[in-house]
1. In the full protein assembly as shown, how much of I312 is accessible to a 1.4 Å probe, in Å² to the nearest 10?
2. What does the charge count around D22 come to, taking other residues whose C-beta lies under 12 Å from its C-beta (Lys +1, Arg +1, Asp -1, Glu -1)?
3. Which percent of the accessible heavy-atom area of the chain goes to carbon and sulfur, probe 1.4 angstrom?
4. What nm value, rounded to one decimal, do you get for the distance between S55 and D277 when each label is placed 7 Å out toward the C-beta?
5. State the label only: which of (i) 74, 53, 40; (ii) 57, 48, 34; (iii) 63, 43, 33 corresponds to Cα extents along the principal axes in Å computed from the shown model?
6. Rounded if a/c is under 1.5, else prolate if a/b beats b/c, else oblate: with a ≥ b ≥ c from the C-alpha gyration tensor eigenvalues square-rooted, which is region 1-44?
7. Please work out the FRET efficiency for the pair L245 and T112, using the Cβ-Cβ distance as r and a Förster radius of 45 Å; give the result to the nearest 0.05.
8. Please state the charge dipole magnitude for region 160-234, taken about the Cα centre, from unit charges on C-beta atoms (+1 on K and R, -1 on D and E), reported in debye and rounded to the nearest 20.
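The values are calculated or read from the model by the stated rules, or taken from the named source; none is laboratory data. These figures come from a predicted structure and were not determined experimentally. Heads up, the Cβs are rebuilt from the backbone with ideal geometry, glycines too, and the neighbour counts pull from every protein chain shown. Ligands, DNA and RNA are stripped out before the accessible areas are found, and what is left, the full protein with its side chains, is counted by its heavy atoms. Shrake-Rupley method; radii C 1.70, N 1.55, O 1.52, S 1.80 Å.
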Amino acid sequence: MPPPSPVFVAGTGRSGTSRIADIIGEHPLIHRIPMETKFIIDPGGLRDVADALSSRYDPTGGEDALHRLSDFLTVRVPGRRDDRGKTVPELVGPQRYRDAVQRLWPRLVAYTFDEPAPATGFGDGDRPAGPFPPPSRSRVVPRYFDDRRELIGILRDFVDTTFGGAAADAGKPTWCEKTPFNLLCMDFLWELVPEAAIVHIKRHPIAVLASHLAQPWAPSTVDGVLAYLIPIYRRWLAWKGTAELTGRRYVEVKAEDLAADWPGERRALFARLDLDDFATTRTFEAHRLTGRDDQLDGETRAHVTHALGDVIRAMGYE
């Protein structure tokens, strides 16, 4: 049997993405990248660079994209810790991560040069305000990839080195990465990793809204969460309505179905990922999904149901 494909987990957030990723990562053949790495789809990450150095190329925009990617990979990612105090470099291997980042720049930059910094104070032109000459700042000319496939191959190599290396360290042939808004970036994920399976876990939109109300990073009012969630749902539904999924490994599951028949749904999930069944320690449990059923009073629930009605129906919840 060929080795299993990498897995991306997607959802709205508060829909069970962490739980399903943990479960997939318990399988003997899949290593779960233990935290959201962010650098593939978030602003300033690989997706932005892919466009800035190909279809949206101009030297200024490309240089800006490389500056943002440099900040992302060398400052933001190493500076963010999970609830165990670990960083992404620590989780994928610090030296491996540093080496992968260092190998990336020469492949994306065509030329480097120094530009004199502007004079400060009351100086002007070539006359600095004080006795010290103005410093210079490093500049780059970004490469232009008229064959986008070459650029995607470079970015894929970075992912293979970091994620694949972490999986190998864990004694597993492939990996699972979870970021909820993979939901809105599936076309790029499949461009980057064509053989990947994308597991989209759904949960009733009213339960998703109720859970968002308890999160410090989300709006704290019902109308605020509706304003946040409705565009996410509608954008995904618009994509789903036109997406060509033939030949793609797209797996859509409901959290409620998983909880209703965990052993059977688990077997079906692993089968769709071309994996033998495995009895995981983590499960989906109904009481965890229904714990917020009484969070909204009748009037508020009616308001939310009306606002989300078309989404509820389109996602298969009546």
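1. Surface accessible to solvent at I312 totals approximately 10 Å².
2. Numbers: positive: R19, R32, K178, R282; negative: E26.
Taking every Cβ under 12 Å from that of D22, the sum is +3.
3. Ligands and nucleic acids excluded, carbon and sulfur reach 52 percent.
4. So the label points at S55 and D277 sit 4.2 nm apart.
5. (i)
6. Numbers: a/c = 2.25, a/b = 1.45, b/c = 1.55.
It is oblate, given that a/c is not under 1.5 and a/b is not larger than b/c.
7. Working: r = 43 Å, r/R0 = 0.95.
Step by step, r from the Cβ atoms, then E = 0.60.
8. For region 160-234, the charge dipole is close to 360 debye.
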